[in-house]
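The values are calculated or read from the model by the stated rules, or taken from the named source; none is laboratory data. A quick note: this is a predicted structure, and the numbers were derived from the prediction, not measured. When we count neighbours, we look across all protein chains shown, and the Cβ atoms used for this are built from the backbone with ideal geometry, even at glycine. Accessible surface areas use protein heavy atoms only, side chains included; no ligands, DNA or RNA. Shrake-Rupley method; radii C 1.70, N 1.55, O 1.52, S 1.80 Å.
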Amino acid sequence: HMPRRSAFPVNLVLFLILTTNVYAEGSGIYFGGIAGTIFRLDTNLSSASLGTQKMEFHPGYTFGGFVGYDFGNSFRLEGEISYRDNQIRTGGGESPQAVTSTIMLNGFYDLPIAKRWNIYFGGGLGAATAQLETISLGQVIDARETSFAYQLETGVGWVYNSKVTFSLGYRFFDAVDPEFLLPAGQRVQMELENHELILKMRYLFHL
């Protein structure tokens, strides 16, 4: 008898063909939405003339939207706008909070792992406008500042059909530390580092 050959190579080829076909259905423009929970790291609000005060945050929320282009070869490029809000546990005021609005250019790669599943990873660059409303360092602070921002993201996507995909992911967001101008003329600086758990849905228009 001839020795029986392993079916593993054949099964591997079939697996790659089937999973690749999910992403070979065409390129196109897509749009979608984001919603999630964010955990902002504690930071110091510091000023050369006023000193330093530690700031702590409650878990917050984020939401946003995006428009992009799927090139049909697992690569995607998109523009995103988003909003982040964290209530401040320290400091005073009626409702102390730290808000961040962003506009980002993102790039992603979708790696198929099963017929309807993929792992995606990527990131983006852009601008973040941070707004701080609190009483800290002996002053009422209500100021905003825009700085360079970046984010890194990875997660799992579920292809519901040829047009709709849902995903669950983790995102790390950070920006150049903004400096806020106080009414008395001093400047204070803080960090914007976030860890985020996000849900996404995107809808693809095939070309």
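How tilted is helix 8-22 with respect to the longest principal axis of the chain? Cα atoms for both, answer in degrees (0 to 90, nearest 10).
Orientation of helix 8-22: about 60 degrees from the principal axis.
When the C-alpha atoms of the stretch 120-207 are aligned to their principal axes, what extent does each axis show, in angstrom, from largest down?
57, 25, 18
What net charge is computed for the residues neighbouring Asp142, neighbours being all others with C-beta under 13 Å from the C-beta of Asp142, Lys and Arg scored +1, Asp and Glu -1?
That sum, taken over residues with Cβ under 13 Å, equals -2.
Under 17 Å between alpha carbons, and skipping anything fewer than 8 positions from Lys200 in its own chain: which lysines qualify?
Straight-distance partners of Lys200: Lys163.
Would you check the accessible area of Phe66, probe 1.4 Å, heavy atoms only, in square angstrom rounded to 10?
10
Any chance you could list the semi-axes, whole Å, largest first, of the equivalent ellipsoid that the Cα gyration tensor gives for the stretch 162-201, using √(5λ)?
Taking √(5λ) for each Cα gyration eigenvalue gives 37, 10, 7 Å.
How many percent of the accessible area of the stretch 84-144 is carbon or sulfur, using a 1.4 Å probe?
Here it works out to 58 percent.
What translational diffusion coefficient, in µm²/s and rounded to a whole number, does the Stokes-Einstein relation yield for the stretch 36-95 at 10 °C and a viscosity of 1.306 mPa s, taking the hydrodynamic radius as the Kirkwood radius over Cα pairs?
Numbers: Rh = 14.6 Å.
So the translational diffusion coefficient is about 108 µm²/s.
Let me understand the chain better: what is its radius of gyration from the alpha carbons, and its Dmax, in angstrom?
Considering the chain through its Cα atoms, Rg and Dmax are 22.2, 92 Å.
Put His195, His58 in order of accessible area, largest first, 1.4 Å probe: what do you get?
Ranked list, largest accessible area first: His58, His195.
Helix-only estimate, please: 222 nm mean residue ellipticity of the chain, summing -39500 (n - 2.57) across DSSP H runs of length 4 or more and dividing by its residues, to the nearest 500.
Calculated mean residue ellipticity at 222 nm is -2500 deg cm²/dmol.
Hey, what's the stretch 129-185 come to in accessible area per residue, 1.4 Å probe, Å²?
It amounts to 48 Å² per residue over the stretch 129-185.
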